[in-house]
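Structure, as structure tokens:
The values are calculated or read from the model by the stated rules, or taken from the named source; none is laboratory data. Keep in mind it's a predicted model, so treat the numbers as computed, not measured. Heads up, the Cβs are rebuilt from the backbone with ideal geometry, glycines too, and the neighbour counts pull from every protein chain shown.
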Amino acid sequence: MKIVVAIKQVPGRDTPLRIAENSRWIDESEMQWAMNEPDAYALEEALLLKERDGGEVIVVSAGPERVASTIREALALGADRAIHIVCEDLRRRDALCVARLLAAAIKPEKPDLVLTGLQSEDLGLGQTGVIVAELLGLPHATMVLHVERIDSGLSVKRELEEGWFQSIELPTPALLTIQSGGNKLRYATLMGIKRARTKELRTASAPELGAEDAPTVGLDQISVPKKQKSTQILRGTAKEAAIALVERLKTEARVL
Amino acid sequence: MMTAFLPTLAEPQQFSGWERLLFAELAVLSLAGFWKQLGPILGNILQSKKDPGFRLFPIGRRVRDFVWEVLLQAKVIRERPLAGLAHAVVFWAFCAFALVTLNHCAAVFGLGFLDPAGLVGRFYFDFAAVFAVACAAGIFGLFVRRFVARPKWLGEVSWESGLIALLIFALMVTYLAAFFVAASGTAAQVLWWAHTLTLLAFLPVIPHTKHLHLMLSPITVFLSRGGFGEIPPLADDEDFGLVAGKDLTKLISLQAYSCVECGRCMEHCPANNTGKLLNPKEIVLGLRGYLNAYGPTSEEPLLGKYNAQEAAFECTTCGACEYQCPVGIEHVPIIVGLRRGAVNTGAWEDQRGARLFLTLERGANALGISSADRDKFVDKNSLPLFDGTQEYCLWLGCMGAYDPRGREIVLALVKVLRYLKVSFGVLRKERCTGDPVRRLGNDLVFQQLAEANFETLKQNRVTKIVSICPHCVRTIQEDWKAYGTPPEVEHHSELLSRHLHRLPVQNLEKKEKIVFHDPCYLGRYRGIYEEPRSVAAAARDLVEAPRSHERSFCCGAGGGLAFLGEEKGQRASQARAAELAATGASVVGTACPFCNTMFRDALVEKGDGAPELLDIAQLAARGLPE
């Protein structure tokens, strides 16, 4: 099975976020970057499928020069080759623009399966994967935890709300957006990094791909959420505190 | 003449032609048997890979180790005085007998160079006789120990050891008996032949058994890498650690064949003593078994039939085994090497281990907490930021920056530093030193962390570091060398003991007893034993645990194991905490935030009766004005 995994490089979890002077974006100068976690799970799912049934895993990612480090990480983890869509102005592009880039790069590969994380950890739009499916004319399923190959195509397990799961079947080719936590992520190894050096990493620019890049959504301003502290400490004996807690859960939080 | 009173060795004066022929034939046979065993072993050692980073010079340290450990047998005696002394006299007798034996064999061809009647010869033979008596007694003692007392470290009773003891005993007796017979009689002839036959029988047995150590271990001790628990660099792009036989280096193979199976390593191993699979002795013997079966160029994985992956990952890298080993085996680099082989190739699959690696790939600390939390701690306590003007960079470490008890230690140290007017500052972008991943064998993440930290230190012009964590200190000082030149670094116990005379703690009344636990990475790894003790002794009445100083028993956290599970057997921390509590001390003194966290959990079981747990920084801060 030929699988394409679309990954995104996002700010590392531990990196301090500062708003840039123009308030239009964050200050990227001292940022550390990491692979978007749901995408890491998508890659893991692809690698597991490859290990089980054979095939090829191709990674595709859009972004400036720095994105190459995340692509190399994906190659080190076991992807066979990669396509880097070089574009310096990723943040100017909305989900549709990015999806057009990805779709243009993926289409000539004619994959059996396209995987991506269900959303990015930075913008959290959750749209890109689904739009790619639409652009490529593929059936899709979202929030997938587990994928299995069957004779008619794929059997997938989706996560629904309140602890419910849904099992569905769909034909290939298809696109799935993967939820975090379905598998255990593998760690990058020294051997993987060394082997990755010899793997193909092709670059393509937006004009080369011929993707339309006029954004339909513009970003006006970003701001830090206002801090609200509403911690209450319930004093008294355990029993008194418990009664007070239940009372507040009923009247203030309205969850009981 | 005085020599007239000395006993004289009876040596046959004449050997017939057939005796010479028989001796020559037997000697050739014996040597052939000897070589048949030894040849393949030497072949395996010499065909092994070159040791990356090995340097013979400076040679002074090697000569010193050789004299101390081999010639003086100091390590053997110190650890087990009685058995050690018995072993030492056997060894010294062997040395004394080198000339005697040469002369003995030369005599058959009329080429003897020591004349039993001459002054020098007589003197030397008598000198050797004294050793022979001691050796006979020594080997008898060792025989009794091995076959009657049978300490469990020695493993199953082996008939080979019995045979060897018998042969050595026979060699001594046949030598000594020759002082009581006439040189001209048949008796001298019979004794000469009895001695000779024993000798020729002994020779081929040596390389066949663990007694090979008597030839190899002096070389092993001399050539050992030296730096305690030092992890060697990887040779090249295709070196991922000890994956298969082809990765075994000459030193490792030499060490594998040098093991004498005395079991000192397992006697002191925290894993082995608490019911884990790991036995350092079996790791070494496993490599020997592997070499005998597959050889040093094999692609067969090392972790498999002869060594278990589980065992390799139960090691806390406390180094008790390496410290005790009398034949120069460096267990820690071997065990870490096996882990490197498994981790660098992705063969090790462990949920907690993988989580630690991912945490450190993505974040800055091993605990997986956001660095914003660290910033809050730094800001809330107004810790000054290091800007290049202060004397010390106070390295917080993961425990000092994120762990609540670790923070208490840091704040106590800060209080002391402020009182002493020692200038210091902390870094904003400090990352884990890489200690846990280094010891678990993840070279990739270790390199990333070391390089990122070097960059931060350079930007901030750090020249001197002080840290509350012996693991940070060791990793910065030694392990980072692979990627740059680390700044000067010391453990807070060193700084505190230097300034102790200026602290009010020493004037306080001492009522309660304190027992100090030596952290492995401060004691065995850094040789710091007295500095933290001086602080502890200033604060309380210092008592010692049964195992202390070089023999200290690990808390169980080292080697990255603090981040893995300890599912099998008893927890090392509980075994050690019980031992510390049993001293009756009301305070357990520590000097490592990892030991602290391990004992904190272990002492909870004791409830209210548990001794208080305090770091030496907290002790040093006693009596300081608020």
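Here are the numbers for the structure shown:
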quantity: Residues satisfying the stated conditions in the range B:462-499, i.e. part of a strand (DSSP E or B) and among the polar types (S, T, N, Q); calculated: B:Ser467
quantity: Qualifying position, being in contact (Cβ under 8 Å) with a residue 12 or more places away in the chain, buried (at least 20 other Cβ atoms within 10 Å of the Cβ) and in a loop (DSSP other than H, G, I, E, B), among B:Ile252, B:Ile231; calculated: B:Ile231
quantity: Unique match (being modelled with pLDDT of 95 or more and closer than 29 Å to B:Cys135 by Cα) among B:Val67, B:Val76; calculated: B:Val67
quantity: Residue that is surrounded by the most Cβ atoms within 10 Å (Cβ to Cβ) [pool: residues in the range B:326-349 that are assigned to a loop (DSSP other than H, G, I, E, B), on the phi < 0 side of the Ramachandran plot and more than 10 Å from chain A (Cβ to nearest Cβ)]; calculated: B:Ile329
quantity: In the range A:172-189, the residues that are closer than 20 Å to B:Glu361 by Cβ and either aliphatic (A, V, I, L, M) or touching a Gly at 6+ places or on another chain (Cβ under 9 Å) (or both); calculated: A:Ile178, A:Ser180, A:Leu185, A:Arg186, A:Tyr187, A:Ala188, A:Thr189
quantity: Filter pass, B:Phe424 being over 35 Å from the mean Cα position of the chain (by Cα), modelled with pLDDT of 95 or more and not charged (D, E, K, R); calculated: yes
quantity: In the range B:46-90, residue surrounded by the most Cβ atoms within 10 Å (Cβ to Cβ) [restricted to those that are in contact (Cβ under 8 Å) with a residue 40 or more places away in the chain and of a type in the set (Phe, Trp, Tyr)]; calculated: B:Phe66
quantity: Residue list for the range B:402-461, restricted to those being among the basic types (Lys, Arg) and assigned to a helix (DSSP H, G or I); calculated: B:Arg405, B:Arg407, B:Lys415, B:Arg418, B:Arg438, B:Arg439, B:Lys458
quantity: From the options B:Gly155, B:Gly118, residue that is without any contact (Cβ under 8 Å) to a residue 12 or more places away in the chain and of a type in the set (Gly, Ala, Ser); calculated: B:Gly118
quantity: Given (1) modelled with pLDDT under 95; (2) touching a Gly at 6+ places or on another chain (Cβ under 9 Å); (3) not hydrophobic (A, V, I, L, M, F, W, C), number of the condition B:Glu349 does not satisfy; calculated: (2)
quantity: Test: residue in the range B:358-380 that is under 22 Å from B:Phe553 (Cα atoms) and assigned by TED's automatic domain parsing to the domain that holds B:Leu449; calculated: no
quantity: Filtered residue count, the range A:187-243, keeping only those that are within 30 Å of B:Val243 (Cα to Cα) and within 14 Å of chain B (Cβ to nearest Cβ); calculated: 12
quantity: Count of residues meeting criterion [surrounded by fewer than 24 Cβ atoms within 10 Å (Cβ to Cβ), more than 9 Å from chain A (Cβ to nearest Cβ), in a helix (DSSP H, G or I) and aliphatic (A, V, I, L, M)] in the range B:353-369; calculated: 0
quantity: Condition broken by A:Glu30, with the remaining ones in (1) at pLDDT below 85; (2) crowded, with 18+ Cβ neighbours inside 10 Å satisfied; calculated: (2)
quantity: Residue satisfying condition, being within 30 Å of B:Leu6 (Cβ to Cβ), hydrophobic (A, V, I, L, M, F, W, C) and modelled with pLDDT under 90, within set B:Ala178, B:Ala165, B:Ala183; calculated: B:Ala183
quantity: Residue selected from the range B:150-182 under the condition under 26 Å from the mean Cα position of the chain (by Cα) and in a helix (DSSP H, G or I), by the criterion surrounded by the most Cβ atoms within 10 Å (Cβ to Cβ); calculated: B:Ser161
quantity: Members of the range A:202-229 found to be of a type in the set (Ser, Thr, Tyr), out of contact with any helix residue (DSSP H, G or I) (no Cβ under 8 Å at 6 or more places or on another chain) and in a loop (DSSP other than H, G, I, E, B), listed by number; calculated: A:Ser223
quantity: Count of residues meeting criterion [of a type outside the set (Val, Ile, Thr), farther than 30 Å from A:Lys107 by Cα and away from chain B (no Cβ under 14 Å)] in the range A:1-28; calculated: 8
quantity: Qualifying positions in the range B:1-45 - surrounded by 13 or more Cβ atoms within 10 Å (Cβ to Cβ) and basic (Lys, Arg); calculated: B:Arg20
quantity: Selection count where residues are without any contact (Cβ under 8 Å) to a residue 24 or more places away in the chain, over 29 Å from B:Asp435 (Cβ atoms) and hydrophobic (A, V, I, L, M, F, W, C), scope the range B:583-626; calculated: 0
quantity: One residue from A:Thr251, A:Thr237, A:Thr198 being under 30 Å from A:Leu75 (Cβ atoms), of a type in the set (S, T, N, Q), free of Cβ contacts under 8 Å to residues at least 60 places away in the same chain and loosely packed, with under 10 Cβ neighbours inside 10 Å; calculated: A:Thr198
quantity: Members of the range B:374-389 found to be at pLDDT below 95, within 14 Å of chain A (Cβ to nearest Cβ) and either under 39 Å from the mean Cα position of the chain (by Cα) or more than 18 Å from A:Thr15 (Cβ to Cβ) (or both), listed by number; calculated: B:Arg374
quantity: Members of the range B:567-626 that are part of a loop (DSSP other than H, G, I, E, B) and within 16 Å of B:Lys513 (Cα to Cα); calculated: B:Ala582, B:Thr583, B:Gly584, B:Ala585, B:Ser586, B:Ala610, B:Pro611, B:Arg622
quantity: Residue selected from the range A:35-66 under the condition surrounded by fewer than 21 Cβ atoms within 10 Å (Cβ to Cβ), without any contact (Cβ under 8 Å) to a residue 60 or more places away in the chain and under 23 Å from A:Met191 (Cβ atoms), by the criterion nearest to the other protein chains (Cβ to nearest Cβ); calculated: A:Glu51
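One line per residue, one yes/no per condition, for (1) within 14 Å of chain A (Cβ to nearest Cβ); (2) under 22 Å from B:Ala591 (Cα atoms):
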site: B:Arg428; (1), (2): yes, no
site: B:Val437; (1), (2): yes, yes
site: B:Leu440; (1), (2): yes, no
site: B:Ala452; (1), (2): yes, no
site: B:Val489; (1), (2): no, yes
site: B:Asn507; (1), (2): no, yes
site: B:Asp518; (1), (2): no, yes
site: B:Tyr525; (1), (2): no, yes
site: B:Tyr529; (1), (2): no, yes
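Here's the yes/no breakdown for (1) at pLDDT 95 or above; (2) surrounded by 15 or more Cβ atoms within 10 Å (Cβ to Cβ); (3) assigned to a helix (DSSP H, G or I); (4) on the phi > 0 side of the Ramachandran plot:
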position: A:Leu123; (1), (2), (3), (4): no, yes, no, no
position: A:Gly129; (1), (2), (3), (4): yes, yes, yes, no
position: A:Val132; (1), (2), (3), (4): yes, yes, yes, no
position: A:Leu138; (1), (2), (3), (4): yes, yes, no, no
position: A:Val147; (1), (2), (3), (4): yes, yes, no, no
position: A:Leu154; (1), (2), (3), (4): yes, yes, no, no
position: A:Lys157; (1), (2), (3), (4): yes, yes, no, no
position: A:Glu162; (1), (2), (3), (4): no, no, yes, yes
position: A:Thr177; (1), (2), (3), (4): yes, yes, no, no
